[in-house]
1. Tell me, which helices (runs of 4 or more DSSP H) wholly within the stretch 109-224 include 1 or more residues that are at negative phi and under 35 Å from the mean Cα position of the chain (by Cα)?
2. In the stretch 55-71, what residues are touching a strand residue (DSSP E or B) at 6+ places or on another chain (Cβ under 7 Å) and free of Cβ contacts under 8 Å to residues at least 24 places away in the same chain?
3. For the stretch 104-134, which residues satisfy the criterion of being hydroxyl-bearing (Ser, Thr, Tyr) and in contact with a Gly (Cβ under 9 Å, 6 or more places away or on another chain)?
4. Identify, by number, the condition in (1) modelled with pLDDT of 85 or more; (2) surrounded by 12 or more Cβ atoms within 10 Å (Cβ to Cβ) that residue 153 doesn't meet.
5. Answer yes or no as to whether residue 139 is closer than 30 Å to residue 107 by Cβ and either of a type outside the set (Val, Ile, Thr) or out of contact with any helix residue (DSSP H, G or I) (no Cβ under 9 Å at 6 or more places or on another chain) (or both).
6. Name the pairs whose Cβ atoms lie under 9 Å apart, with the first residue in the stretch 199-224 and among the hydrophobic types (A, V, I, L, M, F, W, C), the second in a helix (DSSP H, G or I), and 6 or more positions between them or separate chains?
7. Test residue 161 against the criterion of being under 30 Å from residue 110 (Cβ atoms) and of a type in the set (A, V, I, L, M, F, W, C), and give yes or no.
8. Please give the number of the condition residue 94 fails out of (1) in a helix (DSSP H, G or I); (2) closer than 30 Å to residue 24 by Cβ.
Amino acid sequence: KINLSGSEVVARLDRNGHLQLKASPAAQKENPDFVIRHVEDDGQFLAGYAGVLIASGARGAFTSNRADAVTSLRGEGLAYSVAPVPHPSGWLEVNRTLLNDTGSLAAGFGINGHISNPGDGSAAIEIASLRNNNVMVGRLRSFDDYFSSTVANAGLKGEAASRALETESLIMKDLETMRESISGVNIDEELAQMIKFQHGYSAASRYITEVTKMLDTIINRMGV
């Protein structure tokens, strides 16, 4: 039922008979993550029989955006991962048989369906040689060449973007200066105009005062 629910979660049993829940690709292409965002049990399957959640209902639900989300899961952090995994390759793991006995790794090519001879590392050598062989971009470049060209292209694009930003910033600054020169107010010019009008007002005031004195002299003192 979980696999057919359309909830972008796949349930399966591992080789040890343990229940595993894994996120599948999101339906929205703009959000192609592999993250289980919410797990809630309305019964006792996940909380009781499977032992995934500590309790059923909303109280025991797992919600990925909570800081204490791991407290809703059983297993003491040994059987699950709650960090976002950007690619399904993040779920790959090395077989425990190889971890326990590295000598069991087949590093050579078998002959006619038989296992390789002890000490045969021809397969490992072939794998290691992939680093320098032309296997990328239609077998025209090696891994190192492809990586170097990718890094160089990213650096060139970053430098071009930085220069474009600097150029656009200078253009914007020039346009703002031009706008201020046309429609803005120049404080120095306005202050000079204010001082000029103030002096003009003072001169007119003195002129009126002198004319008043002259009229007073003519009318009151000369008997006109």
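The values are calculated or read from the model by the stated rules, or taken from the named source; none is laboratory data. These numbers were taken from a predicted model, which means no experiment stands behind them. No Cβ is skipped: glycine too gets one built from the backbone with ideal geometry, and neighbour counts run over all protein chains shown.
1. Numbers: elements: 122-129, 143-183, 187-216.
Qualifying helices (runs of 4 or more DSSP H): 122-129, 143-183.
2. 60, 61, 69
3. Within the stretch 104-134, the first condition is being hydroxyl-bearing (Ser, Thr, Tyr), and the residues that meet it are 104, 116, 122, 129.
116, 122 - these are the residues of the stretch 104-134 that are hydroxyl-bearing (Ser, Thr, Tyr) and in contact with a Gly (Cβ under 9 Å, 6 or more places away or on another chain).
4. (2)
5. On the way: closer than 30 Å to residue 107 by Cβ: yes; either of a type outside the set (Val, Ile, Thr) or out of contact with any helix residue (DSSP H, G or I) (no Cβ under 9 Å at 6 or more places or on another chain) (or both): yes.
Spelling it out, residue 139 is indeed closer than 30 Å to residue 107 by Cβ and either of a type outside the set (Val, Ile, Thr) or out of contact with any helix residue (DSSP H, G or I) (no Cβ under 9 Å at 6 or more places or on another chain) (or both).
6. Close Cβ pairs (under 9 Å, with a partner that is in a helix (DSSP H, G or I)) amount to 224/218.
7. Details: under 30 Å from residue 110 (Cβ atoms): no; of a type in the set (A, V, I, L, M, F, W, C): yes.
It is false that residue 161 is under 30 Å from residue 110 (Cβ atoms) and of a type in the set (A, V, I, L, M, F, W, C).
8. Looking at each condition in turn, residue 94 falls short on (1).
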